[in-house]
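A.B. asks: Following this message is one structure expressed as structure tokens.
The values are calculated or read from the model by the stated rules, or taken from the named source; none is laboratory data. Computed from a prediction, not measured in an experiment: that's the story for all the values here. All Cβ positions, even for glycine, are placed from backbone atoms using ideal geometry, and neighbour counts span all protein chains on display.
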Amino acid sequence: MSADERRAALVASTVPLLRTQGPAVSTREIARAAGVAEGTIFRVFDSKDDLIRSCVESVFDTTTLRKELQGIDRDLPLEQRLTQAVKVVQGHLHSMFSLMTTLHTAGKRFGPHPDARPDQHRAVRDDVDADFVALVGEDDAARLRVSPEQLVGYLRLLTLSNAHPMLGAGSASAEEIVDLILHGVLVEGEEA
């Protein structure tokens, strides 16, 4: 197994432990969960904090999220496509927020990698937004009162605020979020 594969296996084994035990999890427990000797951890990570930081980075990584968004069936009706996409994003956000909440509750702050630039975050957000926009398609875009980019911006804001533990804490389903954005809050046929 290469060093990169060992790193990935250790991260995959550590993330669930961090969610349940926080940063107090021991390297012995991590090694046991990964099925490796404890010393293996320190052959691929400089420290336990380095491993935890890599876990945080893995949870923030959007590679899998983007593949799932790109894999949504474009032949489904718009509302179903967007609902599936919001569910994917809700799962990603829940994964991020649950880990960060546990770490912050324990008094540990693991922010972005020290080499990360602010424009990298915007680029990632723009890539995910582009995947959402691609789900709209030309025919459905013509039916909207706003641009597909605005629609996606509204979905992002509502989904993020709904998933954030200090704001919405998951009170709305993906179906409710998409319905609200596409159809508003007025009863059909009612005037404001």
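A.B. asks: Scan segment 105-123 and give yes if some residue there is among the aliphatic types (A, V, I, L, M) and modelled with pLDDT of 80 or more, otherwise no.
C.D. replies: Within segment 105-123, the subset among the aliphatic types (A, V, I, L, M) is 106, 116, 123.
Going one step further and asking which of them are modelled with pLDDT of 80 or more, we end up with none.
Within segment 105-123 (the criterion being among the aliphatic types (A, V, I, L, M) and modelled with pLDDT of 80 or more), the answer is no, since none of the residues qualifies.
A.B. asks: Can you spot a residue in segment 62-70 that is buried (at least 20 other Cβ atoms within 10 Å of the Cβ) and in contact with a Lys or Arg (Cβ under 9 Å, 6 or more places away or on another chain)?
C.D. replies: Of the residues in segment 62-70, the ones buried (at least 20 other Cβ atoms within 10 Å of the Cβ) are 65, 69.
Keeping just the survivors that are in contact with a Lys or Arg (Cβ under 9 Å, 6 or more places away or on another chain) gives none.
No.
A.B. asks: Those residues that are in contact (Cβ under 8 Å) with a residue 24 or more places away in the chain and surrounded by fewer than 20 Cβ atoms within 10 Å (Cβ to Cβ), I need them from segment 73-83; list them, please. Let's see the steps before the verdict.
C.D. replies: The first filter runs over segment 73-83 and keeps only residues in contact (Cβ under 8 Å) with a residue 24 or more places away in the chain, leaving 74, 78-79, 81-83.
Within segment 73-83, R74, L78, E79 qualify.
A.B. asks: Only helices (runs of 4 or more DSSP H) wholly contained in segment 1-108 count here; list those with 2 or more residues that are of a type in the set (A, V, I, L, M) and closer than 23 Å to D127 by Cα. Before you say what the answer is, go through the steps one by one.
C.D. replies: Details: elements: 3-21, 27-34, 38-44, 48-60, 63-70, 78-105.
Counting at least 2 such residues, we get 48-60, 63-70, 78-105.
A.B. asks: Would you mention how many residues in segment 152-166 are within 13 Å of R125 (Cβ to Cβ), hydrophobic (A, V, I, L, M, F, W, C) and either in a loop (DSSP other than H, G, I, E, B) or touching a helix residue (DSSP H, G or I) at 6+ places or on another chain (Cβ under 7 Å) (or both)? Write out each step before concluding.
C.D. replies: Initial filter on segment 152-166 (within 13 Å of R125 (Cβ to Cβ)): 152-153, 155-157, 159-160.
Okay, now just the ones that are also hydrophobic (A, V, I, L, M, F, W, C), so 152, 155, 157, 160.
The next check asks that each one be either in a loop (DSSP other than H, G, I, E, B) or touching a helix residue (DSSP H, G or I) at 6+ places or on another chain (Cβ under 7 Å) (or both); those that pass are 152, 155, 160.
Number satisfying all stated conditions: 3.
A.B. asks: Something else about it: Using the structure shown, decide if R66 is in contact (Cβ under 8 Å) with a residue 12 or more places away in the chain, assigned by TED's automatic domain parsing to the domain that holds L151, over 23 Å from R143 (Cα atoms) and not hydroxyl-bearing (S, T, Y).
C.D. replies: Values: in contact (Cβ under 8 Å) with a residue 12 or more places away in the chain: yes; assigned by TED's automatic domain parsing to the domain that holds L151: yes; over 23 Å from R143 (Cα atoms): yes; not hydroxyl-bearing (S, T, Y): yes.
When the stated conditions are applied, R66 passes them.
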